[in-house]
Amino acid sequence: MWSFEQDSRERVADTGLADKLHKATVETSLKKTNALIAKMPHWQQLRERARQVKLHTLTHLDRYLRQFVQAAEANGATVAWADTGADACRQVVDIAQSSNVKRVAKAKSMTGEEIEVNRALQRAGIEPVETDLGEMICQLAGEPPSHVTAPIIQWSMEEVARLFKSRGIIDEIPNGIDGRADPAVRALNAARLTDAARRALREKFLTADMGISGANFAVAESGTLVLVENEANIRLSTMLPPVHVAVVGIDKLIPKLADLATFLSLLPVAATGQQQSGYVSLIHRPYAKLHIILLDNGRMRLLADAQHHDLLSCIRCGACMNVCPVYRHVSGHGYHSIYPGPIGAVLTPHLRAEEHYKQLPFASSLCGACAEICPVMIPLDERLLQWRDRIVKAGGRPRSEAAAFAAWAYLMQHPRLYRAVRPPAGLAHAAAGMLGPGGRWKATRELPPLAAETFADWWKKNHA
Amino acid sequence: MPMRVGLFIPCYVDQCYPHVARAAVRVLERLGVRCEYDPRQTCCGQPAYNSGYWAEAARLAEHFVRVFDKYDCVVAPGGSCVAMVRHHYRELLGRDEPVTARVYELCQFLTDHLKVDDLGASLSGRAALHVPCHMLRELDGDGPARRLLDNVSGLELVDLPSDTWCCGFGGTFSVKFPELSAAMARRKLKQMEEHRLDYVVSPDESCLMQLGGLARREGFGVRPLHIAEVLAGMVN
Amino acid sequence: MLDRKIEDIARIVGSMTPAAYPDPAAFPAVNGDLADVFEAALNALCGPDDDQPAVVRVTDTTEAIKTLVELCADVPPTEIIWQDTSPGESRDAEPVLPRDHAIGITGAVALIAATGSVVLELPSALAGRASLLVDRHIVIASRDQLLPDLAALYHGLSQRVETGDCPPIQVCITGCSRTADIEKMLVVPAHGPRQVQVILSDEPIDWAVLHRGAASLH
């Protein structure tokens, strides 16, 4: 079984990883996010409203789904339902095959990653082309994205250049690309690499027979799909090809277009530290053939979870990853889950049945930075705690741990016993280093000695 | 009838860092607060709660209420434990226990309850203030501790980007993932060292156990100090 | 299938405590002349290599034509693409393969002062190309199209749902096409325009006059 502990140990050993992740988060995105929030007196009010809108939508989801389907169909879209990722993939492939599609332009979509639609297309002999720069690099490298809004967050420019050279996207690796080079030269090289990707993808955009996207929001009152981006690849993917398939989780619903004022004031700030993203496309009456596939894939089960259904209000901004000290040491890949970071740690065990995801709720120091930044106010730290309670109650932890906590709790409820069994300080210290938790502590840090005299004893002598 | 003030000394402070508790007593007594200490107190239950053992944690919460209910006010030199009692007992106990709202973290008690910002303490050097995450986000933030340290003569508080980052302790997280936990502490200590700091001052000794434990293991020159030690003038 | 699933969801939702739909959020007032606020916001979004101002202020259509001709100097008309209003609109009947142009010229339906955004409504696929498959996107707009913030835009759009006149596609463009995927370094452009320029007129634009006056650019 995959082990977070083992995996994290290896990732932590690579100190360069954490350096890169801190640079990309605290020194850039997060800095911009915090600077914008400081200038937004209505930030908290917007967060509260966003939470309310999402909770309202979730508790009236049948009504809003019905409204959305009706409106979208009236607008000319074909709307279908998919129970699972495999089901959605099958439908996407069917649509592609019935339109004789050879090449698909893919807009960046976490839902697409979740259902692994690329693999399904490839198996059917259809070429999926990721068009977001970061996702394109992930596809070329054959690795999953490491962050929901910054897929190649831990890639260095040098690594990108080497990949591009090996794929013939550039002829030569430019000089002045490593971290020590002149920043101005590096900026120029980043532009060069981006330009090469732009050229390589241009032809693919122009010849794609179908575009696949997700949606950031699906507006019930008007049947509108809302797509948010900076690169313009989503516009190209959804507007140029004659067929557009949007795979939309049922959690993306919002009641009204007016609600976009709230969500679009929060999302770019939290995600990338921008006041507004480059492009917000509202697809209302499509001119291409538009298929909307509404995706369940575990969401209905989560909706029925009285305590955790608010996890469906996540807008995939990735801010909880940026602020998370665990994420900043292990990266998205460290979670072994397409949704990483704090939201991934609580969402993935709901969406996926594999037992190893039950480790993720424990992979947090519970510092609460995620809940503090979350633009839709999901109490992520509480959800992590509740998962731990559930896993313990279901017997999902080692028996020895459960026995230790039971014994410890017994001791702590019996103060006289607790005070009586205290071993001499020196002996305790020596023993602690050999016992489980003490030994694990001492693997990386010094253990404090037991004091020769407890405070309780001192108090008795001096105050009683 | 005079106000009864109970001392709530976190279990690990009682066992490993009694000088921190003695420093807190000195600060309070200097301000004329007469404290009581009930030796039946043990642990607030946070380690069990954070590890998912809520039934065990609930039993300790009941024990806490039994011990402390008699006081008008409870003061603790440990922000994390106070946050546990104030914000998580309700869920564990399934009811509101009035005593939980009467539990104060030391700094908060000094600045908000006693309205004292200046203890007349002095300490020369440069320091970072590390406020435990639960105090930062569930109690009064870094305000009370900062106000108190601002008035310590000779002490220069240096603001670092890492001030609000978790130290990596996280209770049993620290032993479940020792390398990851230590890496989180290391990143903070490195930043402190780059800024040539002498001390890291915190209102919570558990974070200092983590930071100090790594500092000693790896030879960082930053010295961990509990804020009570600083305010009591008990730094030697 | 869909109906059956929605029934299932209705059953789940039936056991939940319904949450109320909240009142609209109060957005802080946008202070100052909206044109100035817009200009400052769009200028702040300029790419590192922008060689031209993001906003050019003019008084009326005549001046807008003059500015437009200047901004398009040295670019042959074959490298300029107009959004719908172009005589080339007839090309919709016989589809022309999309290709890149040096300059795309569009109008706007609204400008958002607080964010420096340009709002376009795209009636056709062809219409979208002028703001997408181009190196430079020039927008001709006027003061009366200025809205204070996104709240005004989307609240207005919600009202149009009731009257059934939602635009087929609306795109809110805020600055140039950009990416920061590689080491978070800002690169302009990504897949779309390198620059968005707005010719902002005090008077409403007379499009018939503009087309005649800028005939050399068609």
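The values are calculated or read from the model by the stated rules, or taken from the named source; none is laboratory data. What you see is a predicted model, and the numbers here were worked out from it, not measured in a lab. Cβ: placed from backbone, ideal geometry, glycine included. Neighbour counts: every protein chain shown.
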*Residues in the stretch C:136-143: is at least one among the polar types (S, T, N, Q), assigned to a helix (DSSP H, G or I), over 12 Å from the mean Cα position of the chain (by Cα) and more than 8 Å from chain A (Cβ to nearest Cβ)?*
no
*Go through the stretch A:8-33 and give me each residue that's more than 11 Å from chain C (Cβ to nearest Cβ) and surrounded by fewer than 16 Cβ atoms within 10 Å (Cβ to Cβ).*
A:Glu10, A:Ala13, A:Asp14, A:Thr15, A:Gly16, A:Asp19
_Checking A:Val101 against (1) at the interface with chain C (Cβ under 10 Å from one of its Cβ atoms); (2) among the hydrophobic types (A, V, I, L, M, F, W, C); (3) under 30 Å from A:Asp209 (Cα atoms); (4) touching an Asp or Glu at 6+ places or on another chain (Cβ under 7 Å), the condition it does not meet_ = (1)
*Do we have A:Ile212 as in a loop (DSSP other than H, G, I, E, B) and either touching a helix residue (DSSP H, G or I) at 6+ places or on another chain (Cβ under 6 Å) or more than 10 Å from every other protein chain (Cβ to nearest Cβ) (or both) here?*
no
*Taking B:Ala127, is it modelled with pLDDT of 95 or more, away from every other protein chain (no Cβ under 14 Å), in a helix (DSSP H, G or I) and over 16 Å from the mean Cα position of the chain (by Cα)?*
no
*Working only within the stretch C:151-181, note down all residues that are closer than 30 Å to A:Met136 by Cβ and either more than 13 Å from the chain's Cα centre (by Cα) or of a type outside the set (Val, Ile, Thr) (or both).*
C:Pro168, C:Gln170, C:Cys172, C:Gly175, C:Cys176, C:Ser177, C:Arg178, C:Thr179, C:Ala180, C:Asp181
*List the strands (runs of 3 or more DSSP E) that sit entirely inside the stretch A:215-281 and contain at least 3 residues that are crowded, with 24+ Cβ neighbours inside 10 Å, assigned by TED's automatic domain parsing to the domain that holds A:Ala197 and touching a helix residue (DSSP H, G or I) at 6+ places or on another chain (Cβ under 9 Å).*
A:224-229, A:243-249
*Do the conditions hold for A:Arg285, that is, is it at pLDDT below 95 and either surrounded by 24 or more Cβ atoms within 10 Å (Cβ to Cβ) or more than 27 Å from C:Pro189 (Cβ to Cβ) (or both)?*
yes
*Just to be sure, is A:Ala420 among the aliphatic types (A, V, I, L, M), within 8 Å of chain B (Cβ to nearest Cβ) and out of contact with any Gly (no Cβ under 9 Å at 6 or more places or on another chain)?*
no
_Residue list for the stretch B:67-83, restricted to those being assigned to a loop (DSSP other than H, G, I, E, B) and in contact with a His (Cβ under 7 Å, 6 or more places away or on another chain)_ = B:Pro77
*What are the residues in the stretch A:265-274 that are in contact with a Leu (Cβ under 6 Å, 6 or more places away or on another chain) and within 9 Å of another protein chain (Cβ to nearest Cβ), if any?*
A:Ser265
*the stretch B:155-167 residues that are buried (at least 18 other Cβ atoms within 10 Å of the Cβ), paired with ones that are among the hydroxyl-bearing types (Ser, Thr, Tyr) and in a loop (DSSP other than H, G, I, E, B) (beta carbon under 7 Å, 6 or more apart)*: B:Cys166/A:Ser365
*Return yes when B:Ala185 is in contact with a helix residue (DSSP H, G or I) (Cβ under 7 Å, 6 or more places away or on another chain) and under 22 Å from B:Pro144 (Cα atoms) and no when it is not.*
no
*What do you reckon, is B:Phe220 under 26 Å from B:Tyr53 (Cα atoms) and in a loop (DSSP other than H, G, I, E, B)?*
no
*So which residues in the stretch A:398-415 are crowded, with 17+ Cβ neighbours inside 10 Å and facing chain B (nearest Cβ under 7 Å)?*
A:Phe405, A:Ala409, A:Met412, A:Gln413, A:Pro415
*Is one or more of the residues making up the stretch A:326-342 surrounded by fewer than 24 Cβ atoms within 10 Å (Cβ to Cβ), in a loop (DSSP other than H, G, I, E, B) and more than 15 Å from the chain's Cα centre (by Cα)?*
no
*May I ask you to list the residues in the stretch C:176-218 that are of a type outside the set (A, V, I, L, M), touching a strand residue (DSSP E or B) at 6+ places or on another chain (Cβ under 6 Å) and assigned to a loop (DSSP other than H, G, I, E, B)?*
C:Cys176, C:Pro193, C:Arg194, C:Pro204
*Which one of the conditions (1) closer than 24 Å to A:Val245 by Cα; (2) at pLDDT below 95 does A:Met1 fail to meet, given that it meets all the rest?*
(1)
*What are the pairs, 6+ residues apart or on separate chains, where a residue within the stretch A:102-124 that is in the same structural domain as A:Cys89 (by TED's automatic domain parsing) has its Cβ under 8 Å from a residue that is in a loop (DSSP other than H, G, I, E, B) and of a type in the set (Asp, Glu)?*
A:Lys102/A:Asp209; A:Arg103/A:Asp209; A:Val104/A:Asp209; A:Ala107/A:Asp132; A:Lys108/A:Asp132
*Does B:Arg34 meet the test of being more than 20 Å from the chain's Cα centre (by Cα), more than 7 Å from chain A (Cβ to nearest Cβ) and surrounded by fewer than 22 Cβ atoms within 10 Å (Cβ to Cβ)?*
yes
*From the list A:Leu121, A:Leu36, A:Leu58, which one is within 24 Å of A:His309 (Cβ to Cβ) and either modelled with pLDDT of 95 or more or within 14 Å of chain C (Cβ to nearest Cβ) (or both)?*
A:Leu58
*When you go through (1) under 17 Å from the mean Cα position of the chain (by Cα); (2) within 12 Å of another protein chain (Cβ to nearest Cβ) one by one for B:Pro161, which number turns out not to apply?*
(1)
_Anything in the stretch A:131-143 that is surrounded by fewer than 17 Cβ atoms within 10 Å (Cβ to Cβ) and either within 15 Å of the chain's Cα centre (by Cα) or in a helix (DSSP H, G or I) (or both)? List them, or say none._
A:Ala141
*Among the numbered criteria (1) outside any strand (DSSP E or B); (2) at positive phi; (3) at pLDDT 95 or above, which single criterion is violated by B:Gln191?*
(2)
